[in-house]
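Participant: Have a look at this one before I ask anything.
The values are calculated or read from the model by the stated rules, or taken from the named source; none is laboratory data. Because the structure is a prediction, the values reported are computed rather than measured. Because the Cβ atoms are built from the backbone with ideal geometry, glycine has one as well, and the counts that use them run over all protein chains shown. Accessible surface is based on the protein model in full, side chains and every heavy atom, while ligands, DNA and RNA are left aside. Shrake-Rupley method; radii C 1.70, N 1.55, O 1.52, S 1.80 Å.
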Amino acid sequence: MSTKLQPVRGTKDLFASDYRLFLHVVNTARNIAINYGFDDLATPIFEFADVFRKTLGEETDVVTKEMYTFLDKGGEEITLRPEFTAGICRAFISNGYTQHLPLRLFSHGPLFRYERPQKGRQRQFHQINAEILGIKSPMLDAEIIIMASQILEKLGISESIQLNLNSLGDKETRKIYRDSLTEYYRDHINSLSEDSKVRLQKNPLRILDSKDENDKKINLNAPRISEFYNQESNDYYAALKELLTLNAIKFTENPSLVRGLDYYEHTIFEFITDALGAQGTVIGGGRYDGLIETMGGPPTPAIGFAGGIERLMELVDFKNFDANVLTVTIIAIGERAEKESLAIATILRNNNIRVILPYQNQVGKKFKYADKINAKIAIVIGEEELEKNVAKIKNMLTGSEEIISIDNLLDKLGQY
Ligand code: HAM
């Protein structure tokens, strides 16, 4: 360990107002999810490695480069979750939730990917995550996209964000597309990166998501999935687009959008922004009808999305969200008042008022502390006040003072 104690690269401590902002993002998303009929679900932050390895795609960056996988002391191969969806499907199967379908599940929490840290990209990051299991309908796809945009709107950040949409079609469509891609890339095999040569053998669709500059150039002329949709895939996508338009959701069709994970089919979408530099995707998601069956569960259609909390936090206007919570302090003068102040504080707190006691010896220092914690109200009590069962209420912003009966304290504070 280095002599200077540091957090691990790519992790961050969240303190005070940063953490308030974090919770604001979580609560805003969760409250909207509740309006859409979601239940809360918390799954473990680690799973058997195969839960992710066998589902996210063996040629995805997440599986090949980014997973935190280790042997535990019992010799089990464990992975810190790099995303929610696979763990949620595992929970669905292992708990036999089939009889509860359809399920609407909201989660939030930390995820782990060994990526190169930069603005908006961490090794421990956090997501809000929504999944709906058991329904296949373009209307549901529209509904979940509307829900994601409502979250962005409620956070006050929708202005700077655009919705990108694509369809990967059904299995049959992707099989034909895959053959065509293989043929195309074979013609360019000598110019492909080493990684993409491997991808070509295992899953040529992954080359479309390559970060290599030369691969990107080759991708520009690659065949596009939209040329291969069968009737069903085409109809499904058309119905979704019509519903989004009817609901005034603006979107850009992006035929080269592929997403970084393999389990998707039909609808995929990303909400992106220019305001965060290179890490512009704030919410990503799509339909994954085959995933649960692949994992050994019953065939179960599903769709969902996840938003990166750190990226959402970057966009929220701090001043607008950080509502001024009423903070009260008690300035006690003299020993008896000092003792009484704890009982008064307890009554106020029982009535949902935030009270911070100053723990300073001198009256002047107590007032200084009141300023430091941004207390709006100081309740001043000394011998004289106690005798008369009154308190002096000082408004710290305006400086105005008022004597009121202790019995009326709660009513008075309720006016602030
Ligand atoms: P994803 O696109 O891998 O999808 O991640 C979703 C979001 O998580 C990204 O758009 C980004 O905002 C955030 N994110 C990802 N990696 C990082 C990182 N290293 N640092 C900070 N933020 C990051 C999924 O995870 C899918 N499970 C989404 C989904 C749910 N699809 C269906 N249901």
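Participant: Kindly list, by first and then second residue, each pair from a residue in the stretch 301-314 that is touching a residue at least 24 places away in the same chain (Cβ under 8 Å) and closer than 12 Å to G286 by Cβ to a residue that is near the ligand (Cβ under 7 Å from one of its atoms) and of a type in the set (F, W, Y), limited to pairs with Cβ atoms under 6 Å and residues at least 6 apart or on different chains.
Facilitator: Between residues of the stretch 301-314 that are touching a residue at least 24 places away in the same chain (Cβ under 8 Å) and closer than 12 Å to G286 by Cβ and residues that are near the ligand (Cβ under 7 Å from one of its atoms) and of a type in the set (F, W, Y), the close pairs are A302/Y288.
Participant: Only residues in the stretch 317-346 that are modelled with pLDDT of 95 or more count as the first member; pair them with residues that are assigned to a helix (DSSP H, G or I) and of a type in the set (S, T, N, Q), Cβ under 6 angstrom, at least 6 apart or cross-chain, and list the lot.
Facilitator: I330/S341; A332/S341
Quick grid of which residues meet (1) loosely packed, with under 15 Cβ neighbours inside 10 Å; (2) more than 27 Å from Y114 (Cα to Cα); (3) within 15 Å of the chain's Cα centre (by Cα):
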residue: F15; (1), (2), (3): yes, no, no
residue: F22; (1), (2), (3): no, no, yes
residue: V25; (1), (2), (3): no, no, yes
residue: N35; (1), (2), (3): yes, yes, no
residue: A42; (1), (2), (3): yes, no, yes
residue: T55; (1), (2), (3): no, no, no
residue: A91; (1), (2), (3): no, no, no
residue: T98; (1), (2), (3): no, yes, no
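Participant: I would also like to ask the following. Looking at this structure, is S158 within 16 Å of the ligand (Cβ to nearest atom) and without any contact (Cβ under 8 Å) to a residue 12 or more places away in the chain?
Facilitator: yes
Participant: Based on what the data block shows, is L312 under 30 Å from T11 (Cβ atoms), aliphatic (A, V, I, L, M), in a helix (DSSP H, G or I) and open to solvent by less than 40 Å² (accessible area, probe 1.4 Å)? Before the answer, list the steps.
Facilitator: Working: under 30 Å from T11 (Cβ atoms): yes; aliphatic (A, V, I, L, M): yes; in a helix (DSSP H, G or I): yes; open to solvent by less than 40 Å² (accessible area, probe 1.4 Å): yes.
Yes: the conditions hold for L312.
Participant: Something else about it: T28 versus (1) free of Cβ contacts under 8 Å to residues at least 40 places away in the same chain; (2) of a type in the set (S, T, N, Q); (3) within 16 Å of the ligand (Cβ to nearest atom): which is the lone unmet condition?
Facilitator: (1)
Participant: If you go through the stretch 181-226 one residue at a time, how many are assigned to a helix (DSSP H, G or I), charged (D, E, K, R) and in contact (Cβ under 8 Å) with a residue 12 or more places away in the chain?
Facilitator: 7
Participant: Run down E293, E242 and say which single residue is closer than 18 Å to L168 by Cβ, outside any loop (DSSP other than H, G, I, E, B), more than 8 Å from the ligand (Cβ to nearest atom) and open to solvent by 50 Å² or more (accessible area, probe 1.4 Å).
Facilitator: On the way: E242 fails: closer than 18 Å to L168 by Cβ.
The unique qualifying residue is E293.
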